[in-house]
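Written out below as structure tokens is the structure these notes cover.
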Amino acid sequence: MKTKTFLLLCLFLVIGLTQLFAQIPPLPPPPDNKTGNGAVTYSYTWDAYWQPIDCDGFEDNLIGIVSCRNVLFYKNGMPIRANTHIYGTVKSPKTNEEFKLNEKDKGEYIGLEQSMVYWHFNLIGNLGTHYIGAMTWNCLTGEMWFDKLICISK
């Protein structure tokens, strides 16, 4: 129950921070062809990155400014899926440990709305902590959960 409450609180925090600070660009126009099928690649800086961590009762939120490279796939002029590579350095507000981030995201769309996001992350800390995990976010219901989380610390 604590985990669900924590994740729900974190979700509201992410939504609030995204609305206030995120500089995520709007969807690019569909590919310039008659059917509107294809892919568009673009890069951007995301200044409100956030990753929850819950390891054996230790809860944290890693935050930072990261770089993103996105490939958005279209069919009939509508987005159908996206692949995103997120990388950079994030920090733990609790421990001040800095982590090198490597994350791969896959997103699904219904119309113009993103419906599901699946991501795998690898976070290597400068103080010996290492997090490897996978998460899923149902954007339509707001539910978010860990599919896998491996916590290694010195």
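The values are calculated or read from the model by the stated rules, or taken from the named source; none is laboratory data. Every value quoted in this text rests on a predicted model; they were computed, and no experiment measured them. Neighbour counts run over all protein chains shown; Cβ positions are idealised from the backbone, glycine included.
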Notebook entry, point to check: Pairs, please: C-beta under 8 Å, at least 6 apart or cross-chain, first residue touching a residue at least 40 places away in the same chain (Cβ under 8 Å) and of a type in the set (Phe, Trp, Tyr) and in the stretch 94-121, second outside any loop (DSSP other than H, G, I, E, B) and surrounded by 18 or more Cβ atoms within 10 Å (Cβ to Cβ)?
Noted result: PHE121/GLN51; PHE121/LEU101; PHE121/GLU103; PHE121/TYR131; PHE121/GLY133; PHE121/MET135
Margin query: Looking at LEU72, LEU140, LEU101, LEU112, can you tell me which residue is closer than 18 Å to THR45 by Cβ and at pLDDT below 95?
Written below: LEU72
Check: Only one residue in ILE65, ILE132, ILE53, ILE80 is of a type in the set (Val, Ile, Thr), out of contact with any Lys or Arg (no Cβ under 7 Å at 6 or more places or on another chain), assigned to a strand (DSSP E or B) and under 27 Å from ASN37 (Cα atoms), so which one is that?
Finding: ILE80
Check: Which number in (1) modelled with pLDDT of 90 or more; (2) surrounded by fewer than 16 Cβ atoms within 10 Å (Cβ to Cβ); (3) out of contact with any Phe, Trp or Tyr (no Cβ under 8 Å at 6 or more places or on another chain); (4) within 22 Å of PHE121 (Cα to Cα) marks the one condition that ILE15 misses?
Finding: (1)
Check: Which of the residues that make up the stretch 103-147 are farther than 23 Å from MET78 by Cα, loosely packed, with under 14 Cβ neighbours inside 10 Å and under 15 Å from the mean Cα position of the chain (by Cα)?
Finding: GLU143, TRP145, ASP147
Next item on the list: Assess whether TYR44 counts as being modelled with pLDDT of 95 or more and under 21 Å from PHE99 (Cβ atoms).
Entry: no
Check: Do we have any residue at all in the stretch 77-97 that's touching a Phe, Trp or Tyr at 6+ places or on another chain (Cβ under 8 Å) and farther than 28 Å from PRO28 by Cα?
Finding: yes
Checklist line | Filter result for the condition that a residue is in a strand (DSSP E or B) and not aromatic (Phe, Trp, Tyr), over THR89, THR95 | finding: THR89
